[in-house]
Amino acid sequence: MSDDAGDGPVPAPALARAVRGYLDHLTVERGLSANTLSSYRRDLDRYLRTLAAAGVEELAAVAATDISAHVARLREGDERHPPLSAASAARAASAVRGLHRFALREGLVAHDASRDVRPPAPARRLPRALDVTEVVRLLETAGPVEATGPAAPLALRDRALLEFLYGTGARISEAVGAAVDDLDVEEGTALLHGKGGRTRAVPIGGYALAALRAYLVRARPVLAAAGRGTPVVFLNARGGPLSRQSAWSILRRAAERAGLPVDGDRAVSPHTLRHSYATHLLDGGADVRVVQELLGHASVTTTQVYTLVTVERLREIYATSHPRARG
């Protein structure tokens, strides 16, 4: 272990030996890279100095509360260290837990004090949602519902696919897996087969329904004639089922034509349309539990992340609209 003057008490020899043994194990048995080992060494050095400051001289004397306090201190920071992000603190906690598991396997301790210590949860990233004008631009560049000519079948398919994704909130796997018999164009509903074998019926919006009708009547029979027959709604140029990758490509091309980002953190993805669907429903006053059912979430907790998006949007509107929002 390093002996950094002014970085806290020097760890007891028994603690330092345990860490050296663990790092040797990671080097020889796990073959970790030099950079990863360096990170582990720094994280464990700080952990041992925390233990030394508490008067702990061997791993067998460590309690779960010592580890929890160390992780909390990582997040809070101190006079020598700035606060760590949740992700960095989780990495440091992982190193500590690995050390204790190693000590248990090697017989250095009788039990793993870190077993019930949970690393800090990373900050939840808010879903990327398009605004309504961006969605309209994206859908319209996919292809016109009135398309004619040799390219019409694929253009009608592309428009119907993207309208379906946004109009129903379907996952990409649910869209490409949907069968013709899952659609009720008279009632305007679709049966979606989601995760865990769960099936749900969802309404299809009027624009999506018009695009689907145009595709089913004027385009799908043309595409199906090139294949061997399949019940799925969306077909490729050879008459077979459209793959998830192909659906992704359709969206990417439409996003490029619409001038929307296709690379980086704000890149438009199939899930972007699902996020936008949920966000726009909540913006329009839909109850979060109704949106939960429409999205096919097993728990409303999963859906509530979208309410954070709408709060952020309300905050933006307030900041730019209220005469006394800015000090």
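The values are calculated or read from the model by the stated rules, or taken from the named source; none is laboratory data. Fair warning: this is a prediction, and the values are worked out from it, not measured in the lab. Here the Cβ is made from the backbone with ideal geometry for all residues, glycine too, and neighbour counts use every protein chain on show. Areas reflect the complete protein model, heavy atoms only, side chains present, ligands, DNA and RNA absent. Shrake-Rupley method; radii C 1.70, N 1.55, O 1.52, S 1.80 Å.
Only one of the listed values, (1) 21.8; (2) 21.3; (3) 24.0, was derived from the coordinates as Kirkwood radius over Cα pairs in Å; which label is it?
Among (1) 21.8; (2) 21.3; (3) 24.0, the one derived from this structure is (3).
Could you give the length gained on full extension between residue 34 and residue 290, defined as 0.36 nm per residue of separation minus the Cα-Cα distance, in nm? Show your work: numbers first, answer last.
Numbers: separation 256, 0.36 × 256 = 92.16 nm, distance 5.07 nm.
Value of the extension gain: 87.1 nm.
Please report the net charge: other residues with Cβ closer than 10 Å to the Cβ of residue 190, K and R +1, D and E -1.
Residues near residue 190 contribute -3 overall.
Given contacts defined as C-alpha pairs under 8 Å and at least six residues apart, what's the relative contact order of the chain, whole-number percent?
Values: 422 pairs, mean separation 46.1, N = 327.
That works out to 14 percent.
Quick check for me: using +1 on Lys/Arg Cβ and -1 on Asp/Glu Cβ, what's the dipole size of region 84-165 about its Cα centre, in debye to the nearest 20? Spell out each step's value before the answer.
On the way: 12 positive and 9 negative charges, 123 e Å.
With Lys and Arg at +1 and Asp and Glu at -1, about 580 debye.
Accessible area per residue for the chain in Å², computed with a 1.4 Å probe and the full protein assembly in place, what is it? It would help to have the intermediate numbers written out before the result.
Values: 17310 Å² over 327 residues.
Per-residue accessible area for the chain comes out at 53 Å².
Considering the Cα positions of region 34-137, please state its Rg to one decimal place and its Dmax as a whole number of Å.
18.1, 65
Taking the Cα centroid of region 175-189 and of region 210-271, what is the distance between the two, rounded to the nearest whole Å?
15 Å
Using a 1.4 Å probe on the protein chains only, how many percent of the accessible area of region 124-253 belongs to carbon and sulfur?
Values: 3540 of 6360 Å².
The C+S portion of the solvent-accessible surface of region 124-253 is 56 percent.
If contacts are Cα pairs under 8 angstrom and at least 6 residues apart, what is the relative contact order of region 102-202 in percent?
On the way: 63 pairs, mean separation 12.4, N = 101.
With pairs under 8 Å counted, the relative contact order is 12 percent.
Given 0.36 nm per residue, what is the gain on full extension from residue 80 to residue 237 after removing their alpha carbon distance, in nm? Walk me through the numbers on the way to the answer.
On the way: separation 157, 0.36 × 157 = 56.52 nm, distance 6.27 nm.
Between residue 80 and residue 237, full extension yields 50.3 nm more.
Roughly what % antiparallel, to the nearest 5, for the DSSP beta bridges in the chain? Walk me through the numbers on the way to the answer.
On the way: 9 of 9 bridges.
Expressed as a percentage, antiparallel bridges in the chain total about 100.
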